[in-house]
Amino acid sequence: MPFDDMRRHGPERGAHERAINLPPAILWIIGLNVAVHLLRELLSPSLDDRLVLEFGLVPAAYTGVPGGDWLSLVAAPITYQFIHGGWIHLGVNMLTLAAFGAPVERFLGVRRFVAFYLSAGLAAGLVHVLSFPDSADPVVGASGAISGVFGAVLVLLWRVGRMPSLLPIAAVWIALNVFFGIFGGTPGAGGQPVAWTAHIGGFVYGLVALRLFAPRSSRNDSQPPQSLD
């Protein structure tokens, strides 16, 4: 995987490795996302639309007239992260998570990574609600959480000295999201509107919040880690 410095040596190298060498939390997250989408394929169009409205993130449900299903209001900031607009949307997100998530999970550990991932999705959703408070359109997808993971990867690369400065890449990434958000044409979106402010919110969260989830030994270590394994 990208940025993975661990190398196994000796005659047994690769003999007992999994075909898909991803850490467990990422495998479970990918599996859960795929399972949710497969189950939705079994639903009628009307029932699936209702599910998206109930468990997608609808800004107006939080900023409009009080009411509605409290279970949906409480659950949606988490559940929207596991609902996708189609197989292409799901595939692009899961491939991106697989590409950039492994070094972050190996740095944080399983529990801290899951907490970081979900909280990045929460932060992304909050930014979207604040940006479009009157919108009645449900937002779905893991892109906000994955944007947080991408921000964390950049921080790790900077810490090990592979990136002299975070600012140029961060600025370009944010500018691209603003451009595609305003003018459209986001790759993999299929012409659908994209919650670009959520992407930016998750990304900035990943940049600044990774340290809060880091293991205590790493957090207190003045020297950068020597590898991203």
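The values are calculated or read from the model by the stated rules, or taken from the named source; none is laboratory data. Just so it is clear, the model here is predicted, and its values are computed rather than measured. Virtual Cβ from ideal backbone geometry, glycine too; neighbours counted across all protein chains shown. What goes into the accessible areas is simple: the full protein's heavy atoms, side chains included, and nothing from ligands, DNA or RNA. Shrake-Rupley method; radii C 1.70, N 1.55, O 1.52, S 1.80 Å.
Values for this structure:
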read-out: Residue within region 138-153 that is over 16 Å from the mean Cα position of the chain (by Cα), at pLDDT below 95, farther than 25 Å from GLY86 by Cα and open to solvent by less than 70 Å² (accessible area, probe 1.4 Å) present; value: no
read-out: Count of region 85-131 residues which are on the phi > 0 side of the Ramachandran plot and in contact with a Ser or Thr (Cβ under 7 Å, 6 or more places away or on another chain); value: 0
read-out: GLY109 surrounded by fewer than 18 Cβ atoms within 10 Å (Cβ to Cβ), of a type outside the set (Phe, Trp, Tyr) and closer than 23 Å to PHE55 by Cα; value: no
read-out: Residues (under 18 Å from HIS89 (Cβ atoms) and open to solvent by 10 Å² or more (accessible area, probe 1.4 Å)) located in region 112-137; value: HIS128, ASP137
read-out: Conditions (1) open to solvent by less than 30 Å² (accessible area, probe 1.4 Å); (2) out of contact with any strand residue (DSSP E or B) (no Cβ under 7 Å at 6 or more places or on another chain); (3) modelled with pLDDT of 80 or more; number of the one not met by ALA198; value: (2)
read-out: Filter result (open to solvent by 50 Å² or more (accessible area, probe 1.4 Å) and free of Cβ contacts under 8 Å to residues at least 12 places away in the same chain) within region 33-59; value: LEU38, LEU39, GLU41, LEU42, LEU43, SER44, PRO45, SER46, LEU47, ASP49, ARG50
read-out: Lone qualifier among ILE182, ILE174 - being modelled with pLDDT under 85, among the β-branched types (Val, Ile, Thr) and open to solvent by 40 Å² or more (accessible area, probe 1.4 Å); value: ILE182
read-out: Residue check for ALA76: at pLDDT 95 or above and either under 29 Å from PHE132 (Cβ atoms) or of a type in the set (D, E, K, R) (or both); value: yes
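Matching residues to (1) on the phi > 0 side of the Ramachandran plot; (2) modelled with pLDDT under 50:
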residue: PHE3; (1), (2): yes, yes
residue: ARG7; (1), (2): no, yes
residue: GLY14; (1), (2): yes, yes
residue: ASN21; (1), (2): no, no
residue: PRO24; (1), (2): no, no
residue: LEU32; (1), (2): no, no
residue: LEU39; (1), (2): no, no
residue: SER44; (1), (2): no, no
residue: VAL52; (1), (2): no, no
